[in-house]
Amino acid sequence: NGKKKLLNKHFLVTAGPTHEKIDPVRFIGNYSSGKMGFALAEELAEQGAKVTLVSGPVSLKCYHPNIKRVDVVSAEEMKQAALDVFSEVDGAVMCAAVADYRPKYPADQKIKRTAADMTIELEANDDIAACLGKLKTENQLLVGFALETQDEKSNALDKMKRKNLDFIVLNSLQDKGAGFGVDTNKITILTKDNKAVDFQLKMKTEVARDIVAQITASL
Ligand code: C5P
């Protein structure tokens, strides 16, 4: 359990939600707090790695000198920031809860209320993890997350294959105290060589340590 196993390594971590603009004062978003991604960035940095943390809008701070934080708002900006650094990194951990869709025609002015129903047309965002999965070289590690409400393991395995991930972290939604917003999480790590390891409910800082141990073992 020696420290600084990741000296001279560089990781990309994506964290938090993305906000997709409807008009100047409104957006589509989700409840991701960024806590899991920030804990991972912190743990990677603590073990000696240089970290580029690409974060959507969150109310978290990070202080570690090894972490370079890049703040973004939308999925499109997050993808660009991830692509900008990906060729330089030894691995990427895709922890962000990226919006699947964005308003197709964001309004320049605040949309006025009327009595009528309204519809917002959406278009699909690119899958950032899958983009990086296509670019990935043999020397790069790609880690994703999955949050499933049914057929958890088989859906997570499909996702790992489809996105060309080396391993995937399955967040349990069965347990209270796991997932969005809270300080704790309960995970299963599924690897591409078909191993599954279940972990106990613990603090996200501790969960980050388990995930980083898997990263270190996989490098
Ligand atoms: O397909 P799904 O959204 O469930 O996959 C989750 C995984 O893919 C997470 O690692 C997430 O960060 C990543 N992802 C992404 N870009 C998207 C959607 C998901 O990087 N547009």
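Scanning region 82-107 for residues that are touching a residue at least 24 places away in the same chain (Cβ under 8 Å) and either within 12 Å of the ligand (Cβ to nearest atom) or under 21 Å from I22 (Cβ atoms) (or both) yields a count of 17. Cβ separations smaller than 9 Å between residues 6+ apart or across chains give the following pairs from region 125-136 residues that are without any contact (Cβ under 8 Å) to a residue 40 or more places away in the chain to residues that are among the aromatic types (F, W, Y) and outside any helix (DSSP H, G or I): A129/F145.
For (1) within 14 Å of the chain's Cα centre (by Cα); (2) within 19 Å of G37 (Cα to Cα); (3) among the aromatic types (F, W, Y), each residue gets a yes or a no:
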residue: D127; (1), (2), (3): yes, yes, no
residue: V169; (1), (2), (3): yes, yes, no
residue: F199; (1), (2), (3): no, yes, yes
residue: V207; (1), (2), (3): no, yes, no
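How many residues are touching a strand residue (DSSP E or B) at 6+ places or on another chain (Cβ under 7 Å), basic (K, R) and under 18 Å from L141 (Cα atoms) when one looks only at region 68-87? So the count comes out to 0. The strands (runs of 3 or more DSSP E) found entirely in region 11-63 that carry 1 or more residues being touching a Gly at 6+ places or on another chain (Cβ under 6 Å) and on the phi < 0 side of the Ramachandran plot are 50-55. For region 144-160, filtering for residues that are of a type in the set (A, V, I, L, M) and farther than 19 Å from F180 by Cα leaves 2. Looking only at region 127-169, residues that are near the ligand (Cβ under 10 Å from one of its atoms) and of a type outside the set (D, E, K, R) come to 18 in all.
No value in this document is a laboratory result; all are computed from the given coordinates. Nothing here was measured: the structure is a model prediction, and the numbers come from that model. Ideal geometry is used to build each Cβ from the backbone, glycine not excepted, and the neighbour counts take in all protein chains shown.
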